[in-house]
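Working notes, structure below.
Taken together, the values in this text are just the output of simple stated rules run on the coordinates, not laboratory data. Please read these numbers as outputs of a predicted model, since none were measured by experiment. When we count neighbours, we look across all protein chains shown, and the Cβ atoms used for this are built from the backbone with ideal geometry, even at glycine.
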């Protein structure tokens, strides 16, 4: 059993507070971050608008996009300058978050 799962189950059985959070936690308010599918679709649209038929099309899945940019030696430059939405991943921390 995964150590994190064991710790969560131990906390539940001991009547201690246990928070189990998934990857979509920041999609809700107040963060309202886009999921990776939405970011990948936006990147694909922007890439096509910038490069059209001059370059091969950008794949749909974000993992495949990363591989595409890596293979073309453009991983950081492309994501930073053109394909990724301006400040889509920059949000203020949740005021209610407890760490």
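Brief remarks follow.
- Inter-label distance, nm, simple model (7 Å from Cα along the C-beta direction), residue 71/residue 7: 3.8 nm
- Rounded to the nearest 0.05, the FRET efficiency derived from the C-beta distance between residue 50 and residue 25 at R0 = 41 Å is 0.80.
- At 0.692 mPa s and 37 °C, Stokes diffusion of segment 9-50 via Kirkwood alpha-carbon radius, µm² per second: 250 µm²/s
- Put simply, when 32-44, 50-62 are sorted by average Cβ atoms within 10 angstrom per residue, most first, you get 32-44, 50-62.
- Spin-label proximity, residue 63 to segment 33-52 - amide N less than 19 Å from point 7 Å beyond Cα toward beta carbon: 35-44
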